[in-house]
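Asks: First, the structure itself, so that you have it in front of you.
Laboratory data are not the source of any read-out in this text; all were calculated from the coordinates shown. Small disclaimer: the values here were computed from a predicted structure and weren't measured. Using ideal geometry, Cβ is built from the backbone for each residue, glycine included, and neighbour counts are taken over all protein chains shown.
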Amino acid sequence: MEKSNLSRRSFFKFAVAAAAIVPFIAKATKSFAADACPATAPAGKALASPTEGMGKTLQYVLDAKTAKSPKYKAGSKCGSCKFYNVAKADGGYAPCTMMGMKYVTNCGWCTSFAAKV
Ligand code: SF4
């Protein structure tokens with residue numbers, strides 16, 4: 001009888017602990033997905049170009065690690081920039097205020113980078 005109560009108590013402790021940790025795992029997984037570099041651009045969206053318009057002027061690159069500007073600081077990228085409109089994100093891309101609301105990849109970078117606060 002005592003052993004049965006102990007097992008039931010252990011089970012409920014485990015269930016409560018598991019229920020408490022699931023939201024954290026879900027949040028971490030979602031956060032990781034948001035940070036992943038997109039493999040393809042979203043269809044039907046106007047994209048900023050590294051070779052034309054504001055993209056060229058601001059030395060926009062699709063992969064921040066390839067930035068040649070002395071302004072680039074390791075770790076900075078569109079996904080952590082205050083001009084990246086994450087509320088309208090689509091497949092790892094989002095419109096950028098500095099690019100006339102054209103879509104930029106979350107792994108990109110340009111000389112107007114400003115960290116979110
Ligand atoms: S302003 Fe920010 S979000 Fe826009 S292209 Fe430059 S680094 Fe990326």
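Asks: Just to confirm a number: summing +1 for Lys and Arg and -1 for Asp and Glu over residues other than Lys88 whose beta-carbon lies under 12 angstrom from that of Lys88, what do you get?
Replies: It works out to a net charge of +1.
Asks: Note down the relative contact order for the range 37-117 as a percent, whole number, built from C-alpha pairs under 8 angstrom at least six residues apart.
Replies: Values: 154 pairs, mean separation 31.6, N = 81.
Once normalised by length, the contact order is 39 percent.
Asks: From the cross-link list Lys68/Lys88; Lys45/Lys116; Lys45/Lys88, which pairs have alpha carbons spaced over 19 Å apart?
Replies: Lys68/Lys88; Lys45/Lys116
Asks: Now for a separate question. For a footprinting-style exposure proxy, rank Cys81, Cys37 by other Cβ within 10 Å, fewest first.
Replies: Fewest to most other Cβ atoms nearby, the residues stand as Cys37, Cys81.
Asks: How far apart, in nanometres, would the label points at Ala43 and Lys116 be if each is projected 7 angstrom from Cα along the Cα-to-Cβ direction?
Replies: Here the answer is 2.8 nm between the modelled labels.
Asks: Output wanted: per-residue J couplings in Hz (rounded whole) for the range 75-82, from phi through Karplus 6.51 cos²θ - 1.76 cosθ + 1.60, θ = phi - 60°, x for Gly and Pro.
Replies: Once θ is set to phi - 60°, the couplings for the range 75-82 become x, 7, 6, 3, x, 10, 9, 6 Hz.
Asks: Modelled label-to-label distance, Met101 and Asn85, 7 Å Cα→beta-carbon offset: nm?
Replies: 0.5 nm
Asks: Could you list which residues have their amide H under 5 Å from that of Lys45, counting only those 5 or more apart in sequence or on another chain, with H placed in the peptide plane?
Replies: Under 5 Å from the amide H of Lys45: no residue qualifies.
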